[in-house]
Amino acid sequence: MRSLREYVRSFLLVELLQGLRVTGRHLFKRSVTLEFPEEVAPKSPRFRGLHALRRYPNGEERCIACKLCEAVCPALAITIDSHQRADGTRRTTRYEIDLFKCIYCGFCEESCPVDSIVETRIDWHLMESRDQRIIGKERLLEIGDQYEAQIAADRAADAPYR
Amino acid sequence: MEQAVFYLFAAILLFAATMVITVRNPVQAALFLVLAFFNAAVLWVLVGAEFLGIALVVVYVGAVMVLFLFVVMMLDITAAPMREGFARYLPVGILVAVLMVLQLGVVILSDDVALVGGLIPEPAADADNIRAIGTVLYTVYVYPFEIAAVILLVAIVAAITLTLRRRQGTKHQNIEEQLSANKANRLRVLKMEAEPRQGGEGAERQ
Amino acid sequence: MFETLFWTFSKIWAVLIPLFIGVAYFTYFERRVIGHMQDRRGPNRVGYKGLLQPFADALKLLFKEITVPTHANRVLFLLAPALSIGPAVAVWAVIPFADGWVVADINAGLLYILAMTSLGVYGIIVAGWASNSKYALLGTLRASAQVVSYEIAMGFALVGVLMAAGTMNLSGIVEAQAGPFWNWFWLPLLPLFLVYWISGVAETNRAPFDVAEGESEIVAGFHVEYSGMAFAVFFLAEYANMILICVIAAIMFLGGWYSPFHGLPVLGPALDWVPGIVWLLLKACFFAFCYLWFRATFPRYRYDQIMRLGWKVLIPVTVVWLVVLTVLIYAGVGPWF
């Protein structure tokens, strides 16, 4: 049975007024919304966004076509073909990532013995048709060249914890 | 002007009333009945009985017909079975219709009832007929009024008792009980001492 | 005769155009206010601080195709929006915005309001039935049962006002409350005021009584199948009804166009220059804000709880208070009677 006190409370709408007070207070609080294109939320150096292939400082591409990333990829998003270059080193002829299959788990980056394939902070990429979902070696190297400074800084920031 | 308005609404009223009994779809019939009520209300307002007119809208259009539509919408009535008993009920229907026409004729044509003379009776000079109806209702006709009220109350109680049946074995929510639930009687916060970790699988895996 | 017709039409438009603009900005303020209550910002892109958002929405709806579902009753389907906007607009005829600012000053104003608000439910019923959709029909059943139930509580609350004022004419009701704010009817009729307000929220099918829309269970209730302008008309009717409930609350319980200090020695004459309509709109705005505040605060009632609240709590409360009110009036208590 409800006690008399609760009965009176329900008629005085006490709990409703308490609820109204909470929302009323929040009306005057600062809103937490970010105005997206102008304001961007800060990202961690560990952020896993769009992929990139890095180069050594002398311009030589790092990837040695060991295919560890292809093997470890849980979504089978990476396809690699390799050949032997004139100087006897092994390089990729094809390095493709299907962005629709990729789950951005970062295993490729973990498995890479030469720190070639990395995931950058770029989270705002888009495509206009389905065939643009596969990005090839040239594009990956391009992204790597463009963001090399940030990529290197992010790796350096995370290095003490590895 | 007033005559034109009268004939307009009277024509719509007659049209709607005809459609009520001729249209196949019961929901449409009910909606035409709503239209008929509404036009009747307008006619009443036109002769100065604004209280009756608006009360007709509030009671019949606003409440009764809504419940009516409610029921009709829930039923799946097809047109064919509705026409089944048409021939059988025709004589009774005609009898009722003739009777009603006769009654109306007697009322309209008799000399005792002063309806003949104008299309629309002159509205009372004092337009506030709500006050007038109230005064008459609570002085001259107070007993019939109260008795009618009691009869309606009895009818309400009877209708509720008819539908009120408690079946055994059904589960119901007790809303009172649900509403009176609070944190104190649903949630118990236990204070526990921290226990040392026991040796075993879980500990090793750490 | 044509002169009176002309003037009546101008008056009607003078009420309707601000009403529609009010509806447009009510939707804007709803999104802004609820946004801020949830620590968001709400629409702020179209125009300065998003002030052109309602027009963007209206344009969008205007250009959308009106689809009629298969096996829907085409005539009734397209008639339903008209049935819901008609009464919502017609009620405004008897609303006095200031002393003498009323389209039709009829004696049975209060009854007329009740009649028109009860007509509004037909738009919902017809829309739900004609859509030939189970969600729409469920929404319709809920909406109409709710409106019919709460109409009784609302009617009783207004009967209290009627008893206190002794007239059904809305201008007369406001004039009966002349004086400072403690002279208004909200004080002697406080329980009825609350009942009126709660049933007003329920009557317009707004949160927390919005089971008729119930977007999480029956997607949008009676207007699931509507798109484009047909949907916009329902929207317009709903918001016009909400504003109406706010304005009626201000007229019935908060002294309509009188300033809160009317008749006081110093403040009364000092505020005399403010036109009456400003006070009425300010009071109505407060209630409109409460609508949004409730929506941001309260979770939706369960359907059986709505019915229980209407029939077992609000109606008994009004009946009891009507008896108390009779005693108060008979004893001639306070500054009111």
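The values are calculated or read from the model by the stated rules, or taken from the named source; none is laboratory data. Fair warning: this is a prediction, and the values are worked out from it, not measured in the lab. Here Cβ is always computed from backbone atoms with ideal geometry, including for glycine, and neighbour counts include all displayed protein chains. Remember, those area values only see protein heavy atoms, side chains included, never the ligands or the DNA or RNA. Shrake-Rupley method; radii C 1.70, N 1.55, O 1.52, S 1.80 Å.
Quick rundown of the values:
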{"quantity": "Span from the segment C:270-337 Cα centroid across to the segment C:58-122 one, whole angstrom", "calculated": "23 Å"}
{"quantity": "Restricting segment B:1-107 to GluC sites (Glu not before Pro) in coil, as DSSP defines it, with at most 15 other Cβ within 10 Å", "calculated": "B:E84"}
{"quantity": "For segment C:38-186, alpha-carbon Rg over 2.2 N^0.38 Å", "calculated": "1.38"}
{"quantity": "Carbon plus sulfur fraction of accessible area for the protein assembly as shown, probe 1.4 Å, in percent", "calculated": "66 percent"}
{"quantity": "Computed Rg/Rh of segment C:56-143, alpha carbon atoms with Kirkwood Rh", "calculated": "1.11"}
{"quantity": "Assigned charges on the beta-carbon of Lys, Arg, Asp, Glu; chain C dipole about Cα centre (debye)", "calculated": "800 debye"}
{"quantity": "DSSP loop chymotrypsin sites (Phe, Trp or Tyr not before Pro) with at most 16 other Cβ within 10 Å: longest gap in chain A", "calculated": "A:48-99"}
{"quantity": "Helix-derived mean residue ellipticity, 222 nm - over chain C, DSSP H n ≥ 4, -39500 (n - 2.57), to 500", "calculated": "-21000 deg cm²/dmol"}
{"quantity": "Between 0 and 90°, nearest 10: helix C:2-37 axis offset from chain C longest Cα axis", "calculated": "70 degrees"}
{"quantity": "Against the rule of thumb 2.2 N^0.38 Å, how large the Cα Rg of the protein assembly as shown comes out", "calculated": "1.32"}
{"quantity": "Binned Cα-Cα distance frequencies in chain C - 20 Å width, integer %", "calculated": "29, 58, 13, 0"}
{"quantity": "Coordinate range along principal axes, alpha carbons of segment C:106-162, Å, largest first", "calculated": "42, 21, 6"}
{"quantity": "Shielding score for C:115-126, defined as the mean number of other chain Cβ atoms within 10 Å", "calculated": "5"}
{"quantity": "Nearest-10 value in Å² for the accessible area of A:S82, using the 1.4 Å probe", "calculated": "50 Å²"}
{"quantity": "Euclidean distance between Cα centres, segment A:124-162 to segment B:1-58, Å", "calculated": "74 Å"}
{"quantity": "Trypsin sites (Lys or Arg not before Pro) lying in DSSP loop within segment B:1-110, provided at most 16 other Cβ fall within 10 Å", "calculated": "B:R24"}
{"quantity": "Dimensionless Rg ratio for segment C:229-296, taking C-alpha atoms and the 2.2 N^0.38 Å reference", "calculated": "1.39"}
{"quantity": "Binned Cα-Cα distance frequencies in segment A:110-162 - 10 Å width, integer %", "calculated": "19, 50, 24, 7, 0"}
{"quantity": "Top of A:A41, A:A65, A:A149 by mean-square fluctuation, Gaussian network on chain A, Cα under 10 Å", "calculated": "A:A41"}
{"quantity": "Convex hull volume per residue for segment C:28-78, taking Cα atoms only, in Å³", "calculated": "117 Å³"}
{"quantity": "Residue among C:G276, C:G50, C:G200 with the largest mean-square fluctuation in a Gaussian network model of chain C, springs linking Cα atoms under 10 Å", "calculated": "C:G50"}
{"quantity": "Structure-based [θ]222 nm, chain A - -39500 (n - 2.57) summed over DSSP H runs of at least 4, per residue, nearest 500", "calculated": "-9000 deg cm²/dmol"}
{"quantity": "Tail fraction, Cα-Cα pairs, segment A:23-162, threshold 18 Å, whole percent", "calculated": "60 percent"}
{"quantity": "Segment A:1-90: GluC sites (Glu not before Pro) in DSSP coil with no more than 14 other Cβ atoms inside 10 Å", "calculated": "A:E35, A:E38, A:E39, A:E60"}
{"quantity": "Cysteines not pairable in chain A (beta carbon separation under 4.7 Å absent)", "calculated": "A:C63, A:C66, A:C73, A:C102, A:C105, A:C112"}
{"quantity": "With DNA, RNA and ligands ignored, accessible area of C:W7 (1.4 Å probe; Å², nearest 10)", "calculated": "140 Å²"}
{"quantity": "Among A:R55, A:R85, A:R21: highest mean-square fluctuation, GNM of chain A, C-alpha pairs under 10 Å", "calculated": "A:R21"}
{"quantity": "When the convex hull of its Cα atoms is projected in every direction, mean area for segment B:1-83 (nm²)", "calculated": "5.4 nm²"}
{"quantity": "Interchain or long-range residues, amide H under 5 Å from A:H51's placed H", "calculated": "A:T120"}
{"quantity": "Helix axis angle, C:74-90 relative to chain C longest principal axis, alpha carbon, degrees", "calculated": "20 degrees"}
